[in-house]
Amino acid sequence: MLVPYGPGGATDIIARIVAAKLTESLGQSFVVENRPGANGNIALEATAKATPDGYTLLVGNVSTNAINESIYADQLTIRPSRDLVAITKLVEIPHIVVASANLPAKNIAELVALAKKEPGKLNFASVGMGSYPHLDMERFMKASGTEMTHVPYKGGAGQAIPAMVAGEVQVAFFNMASLLPHIKSGRLKALAAVPAQRLPELPDVPTLAEQGYAGIGTNAWQGLFAPAATPKPIVDKLYAAVGAVLAREKAGLADKMMAVEVSPSPAEFTAQVRRETQGWGDFVREAKIKVE
């Protein structure tokens, strides 16, 4: 089970939980292998080119499986929407705008004022060029008329969040599964919640919509994928096994800020990923975002 980032981020967390439980339920070893690099493309290509027998799987997300196809069109030797089959969505995770503890801003208005005062001085983190934390911030900067400096971290959230705690970067769009312990400890602070409603875990943190920026930000999913030619009986068996595992783990995952979201079927999740790939492609072209 390939993970396209280093250890410690949400994709790695859910992959390890699912792998351990599938090992128990199917009596077959599921081994997680972190294969970071090229913003997820190394793991994408390795999965797409693997023997389609159910023994190589990918835990991907919005960035790897819906955005990379457009943003890395010239670099990828595959097309994820064509060369991978989506088995099921695993979880959805709410996102927030998070800041380093020493940033002198308590809300979005104060962040915008700081960014406008010295354009380009504030650094924002992402898990790579073209990742949804990067594109979400591009949307926010366009809407707010601000300019901040992008600092991508190849190791994913497991590398980016310690950098934010240390003050190397000041702000980011990141998921709550990776952030909540740091917010509770005071090492980081939440400026805004991305979902339509305030988060029960952060009731005093207004949403982006409340602060004037409705429609910005991604509540991202994690999903399970296999090579496109994987036989349907294998895909269906994995779908059923994963669904059973997630049903049992629902409460525990909720405690980790991961809401279980099993797709109605592999075909419907595959169609969803293809729709999102088209939508993100339209945004990337409109925003003229290019990765050299």
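The values are calculated or read from the model by the stated rules, or taken from the named source; none is laboratory data. The structure presented is a predicted model; accordingly, all values stated were derived computationally and were not measured. When we count neighbours, we look across all protein chains shown, and the Cβ atoms used for this are built from the backbone with ideal geometry, even at glycine. Please note that ligands, DNA and RNA were not included when accessible areas were found on the heavy atoms of the full protein model with its side chains. Shrake-Rupley method; radii C 1.70, N 1.55, O 1.52, S 1.80 Å.
Observations on the model:
- Within the stretch 132-188, being open to solvent by 10 Å² or more (accessible area, probe 1.4 Å), within 30 Å of residue 252 (Cβ to Cβ) and part of a strand (DSSP E or B) holds for one residue alone: 175.
- Residue 46 meets the conditions (1) in a helix (DSSP H, G or I); (2) aliphatic (A, V, I, L, M); (3) touching a residue at least 60 places away in the same chain (Cβ under 8 Å); (4) open to solvent by 10 Å² or more (accessible area, probe 1.4 Å) in every case but one. The failed one is (3).
- Total residues in the stretch 106-144, condition small (Gly, Ala, Ser) and within 20 Å of the chain's Cα centre (by Cα): 5
- Set side by side, the residues 8, 54, 40 differ, and just one is in contact with a strand residue (DSSP E or B) (Cβ under 8 Å, 6 or more places away or on another chain), assigned to a loop (DSSP other than H, G, I, E, B) and on the phi > 0 side of the Ramachandran plot, which is 54.
- Residue in the stretch 120-127 that is assigned to a helix (DSSP H, G or I), open to solvent by less than 50 Å² (accessible area, probe 1.4 Å) and without any contact (Cβ under 8 Å) to a residue 60 or more places away in the chain present: no
- Candidate set: the stretch 280-292, residues that are free of Cβ contacts under 8 Å to residues at least 60 places away in the same chain and outside any loop (DSSP other than H, G, I, E, B); chosen: the one farthest from residue 151 (Cα to Cα): 282
- Contact map, the stretch 129-153: residues that are among the hydrophobic types (A, V, I, L, M, F, W, C) paired with residues that are crowded, with 23+ Cβ neighbours inside 10 Å and in a strand (DSSP E or B), Cβ distance under 6 Å, separation 6+ or inter-chain. Pairs shown: 137/124; 137/173; 148/124; 151/125.
- Search result, residues across the stretch 1-41 that are modelled with pLDDT of 95 or more, of a type in the set (A, V, I, L, M, F, W, C), open to solvent by less than 60 Å² (accessible area, probe 1.4 Å) and over 14 Å from the mean Cα position of the chain (by Cα): 1, 2, 17, 18, 19, 20, 22, 30, 32
- When residue 279 is tested against (1) of a type outside the set (A, V, I, L, M, F, W, C); (2) open to solvent by less than 50 Å² (accessible area, probe 1.4 Å); (3) over 30 Å from residue 52 (Cα atoms); (4) out of contact with any His (no Cβ under 6 Å at 6 or more places or on another chain), just one condition goes unmet, and that condition is (3).
- Of all residues making up the stretch 216-244, the number that are loosely packed, with under 15 Cβ neighbours inside 10 Å and in a strand (DSSP E or B): 0
- Taken together, the residues in the stretch 86-117 that are touching a helix residue (DSSP H, G or I) at 6+ places or on another chain (Cβ under 6 Å), open to solvent by 10 Å² or more (accessible area, probe 1.4 Å) and either hydroxyl-bearing (Ser, Thr, Tyr) or in contact (Cβ under 8 Å) with a residue 40 or more places away in the chain (or both) amount to 2.
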